Amino acid sequence: MTRPTKKNKAAEAESTIAPAEKVVAPGAGIQPLRALRPYLVGIGASAGGLEALSTLIAALPTNLGISYVVLQHLSPTHRSMMAQLLGRETAMAVQEVENGIQPEPDTIYVAPASNNVKMKDGCFQLIEGPREASPRPSVNMFLTSLAEEKIEDAIGVILSGTGSDGAAGLRDIKAAGGYTFAQDPQTAKYAGMPQSAIDTGCVDWVMSPEEIAKEIAIIARSHGTVTVDNKPPIAATTLKKLLIKVKQQTRIDFSGYKEGTLWRRIERRMAACHVNDLDDYLALVETNPEELESLGKDILISVTAFFRDPLSFAALRGAVREILANKRPGDEIRIWVPACATGEEAYTLAILLAETLGPNLSQFRIQIFATDIDLNALAVARKGSYAESALVDLEPGLAIRYFQKVGTRLEVSRTLRDMVVVARQDLVQDPPFLRLDLVSCRNVLIYLQNELQAKVLSTFHYSLYPNALLFLGKSEGIFQQEALFEVVDKSARIYRRRAGESRLTASAFRLPDLGERVIPKAVADSQERLLDEAVRRYVPSSVLINGAFDILHIHGDVSAYLGVLPGKPNFNLQNLLRRELRADLQLLQHHAEHKQVSAYGRPHSVKVGNESSHVRLAVHPMERGISNSLFLVCF
């Protein structure tokens, strides 16, 4: 399972005010928030933006009932005529943003050149920044606050301009489940801003300004199309039927997700497909199975960022120092990042460890398991290549130390890459990693029903060492399993595993059930006999392990290769394997996991009794082309 992002509540899209900035006190007479939550559109532009803005606004219907905020980079000393110029293109009201007012429907607001703008508690907030700060108004700051406020009701648009402002904000809107647009660079006078947004991989539509206006109108008119309150039995049946189809197509089970989240994602896909009726959408997925892939992708929302929520990561750094204080050179440091999405969080933790350990980094065996069920996101994580805009908020020193420029992108250094192991893993159904010092799972639990939240928290307790750490997203907690964890830092959502036996059992995990195949008994018996005999005669002595080297099953006589040591029983292959084969095991498993091909070791002379034999290991990933935490080790 992944974060409908691993790693994605809008409350996580934190927009902080730099120390040098001053918040203008809100004016009097602030109106109460409306019961309804109409869409709010943030539109960023810079050089060449006036032409694109004029075209977009002229094409927008004037009665959609939504609000628009225009942010174009201008000199703070320049008296802007933007409101008057745009007012000529539409019958909608066009006015400059004022501090403390609430956006009105069918109104276009223009950000003043001298201030940055944020959304806070449903109202505009003007922020005075340092005179030398540029560009202003900040598109990123507004879009990030828009994602936090409006969540799925946020729409972000990036038009013509130079630089990369707006790319990070658009990513936050995508992570919150909102809608994202970028002007087709071929239609833009300056392609820098829209191209930077596109390079993040978080843009839903790349279009001309006229086409963007038409798509916004379709989205606005589709709002509330899926109404299920009055027909709960029918809605429940429809949802179940649709989720079964998604599961059959994608092998991902979304049945444990909150229904409200699922319906909002379905409505989003209906708007994208220009379908207004739920029955029509069901008919569409029957004839177009690729739409099921798109729906699954929208539910997952595999979007994250480096050092997302810096204050929480600063608190985590302090907690991690306590764990490292008990480690000695040569010890393992094991971290699991379930729902890692495109990998930024896993590499962030690698940076955090590298910065904390400094020159002692190489003295520890560090493994950061970055897992997800979104294969496309995992491909990005495995490559470790990101758009420059993804690192715009990273401290310059970190970017220089841990990334190198390759073409127009930045790739993680070998130091980080060697620490991170990327693998496909379903958080709900697959066995977890074990003996962990930290689990960082941010913005997953908020999308899950209570029962599934409890199971996932139990899984983490089972995976962690006593007193090891659990790191959650800002809107998450341990409410479903408070007896298993204690609070370390409530505001940063850092928890410590309580000592005690885990209540999790092996039967808690299963393989995806995609429907039963009925096989005649006689055929089944024949198949079973054939397979049993083939395995007995041709398959060498083998051990099935997970990514943590725990033994799950043994085939054949492995007594010549494994030995039980005195003391408490330990069924980890690294501990039981003959010493002369152990070095090969780790190298081959790492190669098989990263390359997704079978890995073969060199022959070793192994003495059994009075005889010596040449033995080599082979490690096979269980599914070619799909990263998986299960491996077959053959002798």
| With every protein chain left in place, what is the accessible area of LYS120 in Å² (1.4 Å probe, nearest 10)? | 100 Å²
| said: Need one word for region 323-443: rounded, prolate or oblate. Basis is the Cα gyration tensor (sqrt eigenvalues a ≥ b ≥ c); a/c below 1.5 gives rounded, then a/b vs b/c decides. | reply: oblate
| query | Relative contact order (percent) for region 266-349, with alpha-carbon contacts under 8 angstrom and 6 or more residues of separation? | reply | 33 percent
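Are there GluC sites (Glu not before Pro) in region 81-178 that DSSP marks as loop and that have at most 12 other Cβ atoms within 10 Å, and which are they? Present the calculation step by step, with values, prior to reporting the outcome.
Working: sites: GLU89, GLU96, GLU98, GLU128, GLU132, GLU148, GLU149, GLU152; in loops: GLU89, GLU98, GLU132.
Qualifying residues, ordered by number: GLU98, GLU132.
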| task | Any of LYS247/LYS297; LYS247/LYS474; LYS118/LYS258; LYS247/LYS455; LYS240/LYS297 with alpha carbons more than 23 Å apart? Name them for me. | result | LYS247/LYS474; LYS118/LYS258
| Placing +1 at every Lys and Arg Cβ and -1 at every Asp and Glu Cβ, with all other atoms neutral, what dipole size does region 94-177 have around its Cα centre, in debye to the nearest 20? | 320 debye
| query | Separation of region 376-442 and region 277-293 by C-alpha centroid, Å? | reply | 34 Å
| remark: Between LEU375 and TYR600, the FRET efficiency computed from the C-beta separation at R0 = 22 Å comes out, to the nearest 0.05, as 0.25
| field | Under 14 Å from LYS150, Cα to Cα: aspartates and glutamates that are on another chain or at least 8 residues apart | value | GLU12, GLU14, ASP121, ASP172
| said: Under the 0.36 nm per residue contour assumption, what length would be gained going from the current alpha-carbon distance of PHE479 and ASP418 to full extension? | reply: 18.4 nm
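Gain in length, VAL406 to ILE218, computed as 0.36 nm per residue apart minus the alpha-carbon separation, to one decimal in nm? All intermediate terms of the calculation are to be shown ahead of the outcome.
Values: separation 188, 0.36 × 188 = 67.68 nm, distance 3.94 nm.
Residue separation times 0.36 nm, minus the Cα-Cα distance, leaves 63.7 nm.
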| Once you put a point 7 Å from the Cα of VAL392 and another 7 Å from the Cα of GLN363, both along the Cβ direction, what distance in nm separates them? | 4.1 nm
| task | With label points built 7 Å along Cα→Cβ from the Cα atoms of SER54 and ASP121, find their separation and express it in nm. | result | 4.0 nm
| task | Determine, from the Cβ-Cβ distance of ARG498 and LEU544 and an R0 of 45 Å, the FRET efficiency 1/(1 + (r/R0)^6), rounded to the nearest 0.05. | result | 0.90
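How long is the gain from LEU587 to GLU104 if the chain were fully straight, where each residue apart is worth 0.36 nm and the alpha carbon distance is subtracted? Show your work: numbers first, answer last.
Numbers: separation 483, 0.36 × 483 = 173.88 nm, distance 6.15 nm.
Answer, rounded to one decimal: 167.7 nm.
Report the FRET efficiency, 1/(1 + (r/R0)^6), for GLN449 and THR237, where r is their Cβ-Cβ distance and R0 is 22 Å, rounded to 0.05.
According to the calculation, E is roughly 0.80.
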| task | Evaluate the distance, in nm, between pseudo-label points positioned 7 Å from the Cα of ASN467 and of LYS490 along their respective Cα→Cβ axes. | result | 2.4 nm
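The values are calculated or read from the model by the stated rules, or taken from the named source; none is laboratory data. Keep in mind it's a predicted model, so treat the numbers as computed, not measured. Don't worry about glycine lacking a Cβ; one is built from the backbone with ideal geometry, like all the others, and counts go over all protein chains shown. In case anyone asks, the SASA skips ligands and DNA or RNA and just uses the protein heavy atoms, side chains included. Shrake-Rupley method; radii C 1.70, N 1.55, O 1.52, S 1.80 Å.
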